[in-house]
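Student: Pasting in a structure now, in structure tokens, and then I'll have a few things to ask.
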């Protein structure tokens, strides 16, 4: 398999999910995910009342769509800060297949995780894992909590960046052990060993009961968010890690 083919395999969300699902230690930390079809979408929505749809490729949370069953044959969809209610399955099906363009690109439909919130806004954790070179052990080099802006369901538009402990206290989740988050991130990095990168950024979610979930693995992670933390040594450590 050529380099570009391997790169596409690794970065595509559907392929990533299948790779991670084969790791027994991660299976309970992965939201159920199916390749989008109308049948898969309606089946999961009927069961869970809320689902996430996202393109298989893409970064930074763009294109993430949440659809909810509002009852009485009404359906809400939420993308970025837009929140719309439609009547009837036909309207949602038309939106998905035409406006959202599921018929023109590979998408996944995913179990919606009830993310914990700070001041009414959902948050997730960017966990950076690095290794000095291929074959060396992975290490967690930093964590930063991204709190979504008011009205958004994803954290690519963040209104604040917080250190882990401060965020857990603000969310009344102080009982969530930092070691569990590190374990999940490091297990994923070790399992994705076929791709020879030395830096990964994992977006980790915590639900409102304290369970830890892998939302996404980024193979070209930005570390700019770490400049917003008061502890500037975290950012410096990441910059210099692979230079030692």
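Please treat every number below as a calculation from the coordinates, not as lab data. Since we're looking at a predicted model, the values are computed, not measured. Heads up, the Cβs are rebuilt from the backbone with ideal geometry, glycines too, and the neighbour counts pull from every protein chain shown.
Student: With r as the distance between the Cβ atoms of residue 119 and residue 74 and R0 = 30 Å, compute the FRET efficiency 1/(1 + (r/R0)^6) and round to 0.05.
Tutor: Result of the calculation: an efficiency of 0.60.
Student: Can you give me the relative contact order of region 33-111 as a percent, contacts being Cα pairs under 8 Å and 6 or more apart?
Tutor: Over region 33-111, the number comes to 38 percent.
Student: Then there is this: How many nm is it between the label spots at residue 132 and residue 105, if each spot is 7 Å from the Cα in line with the beta carbon?
Tutor: Reported label-point gap for residue 132 and residue 105 is 4.0 nm.
Student: Related question: When a/c reaches 1.5 or more, the comparison of a/b and b/c decides; with that in mind, is region 114-241 rounded, prolate or oblate per its Cα gyration tensor?
Tutor: Cα axes put region 114-241 in the prolate bin.
Student: Let me have the relative contact order for region 135-244, percent, based on Cα pairs under 8 Å that are six or more residues apart.
Tutor: 23
Student: May I ask you to derive the relative contact order of the chain, considering only C-alpha pairs under 8 Å and at least 6 residues apart, and to give it as an integer percent?
Tutor: Taking the mean separation of contacting Cα pairs over the length of the chain, I get 20 percent.
Student: Here is a follow-up. So for the pair residue 94, residue 169, with labels modelled 7 Å out along Cα→Cβ, what separation do we get in nm?
Tutor: 5.2
Student: Let me ask another. If you rank 48, 182, 72 by fewest surrounding Cβ atoms within 10 Å, what's the result?
Tutor: Exposure proxy ranking, most exposed first: 72, 48, 182.
Student: Right, something else. Region 178-222 to region 105-121: how many Å between their Cα centroids?
Tutor: Region 178-222 and region 105-121 have Cα centres separated by 16 Å.
Student: Could you check which residue among 40, 112, 144 shows the biggest mean-square fluctuation in a GNM of the chain with a 10 Å Cα cutoff?
Tutor: Between 40, 112, 144, it is 40 that shows the largest mean-square fluctuation.
Student: Could you tell me which of rounded, prolate or oblate describes region 184-244, using a ≥ b ≥ c as the square roots of the eigenvalues of the alpha-carbon gyration tensor, with rounded for a/c under 1.5 and, failing that, prolate when a/b is larger than b/c and oblate otherwise?
Tutor: It comes out oblate by the Cα gyration axes.
Student: For 128, 44, what's the fewest-to-most ordering of other Cβ within 10 Å of each Cβ?
Tutor: 44, 128
Student: Here is a further query. Evaluate E = 1/(1 + (r/R0)^6) for residue 239 and residue 179, where r is the Cβ-Cβ distance and R0 equals 25 Å; express this FRET efficiency to the nearest 0.05.
Tutor: For R0 = 25 Å, the calculated efficiency reads 0.50.
Student: Exposure proxy check: 96, 173 ranked by fewest other beta carbons within 10 Å?
Tutor: In increasing order of surrounding Cβ atoms, one gets 173, 96.
Student: Please give the length that would be gained between residue 42 and residue 198 if that part of the chain were fully extended, namely 0.36 nm times their separation in residues minus their C-alpha to C-alpha distance (nm, one decimal).
Tutor: 52.2 nm is the gain from fully extending residue 42 to residue 198.
Student: So what's the back-of-envelope 222 nm ellipticity for the chain, counting only DSSP H runs of four-plus at -39500 (n - 2.57) apiece and dividing by all residues, rounded to 500?
Tutor: So the helix-based figure for the chain works out to -7500 deg cm²/dmol.
Student: So, one more: Please report the Cα spread of region 33-111 along all three principal axes, rounded to whole Å, starting with the longest.
Tutor: 34, 25, 21
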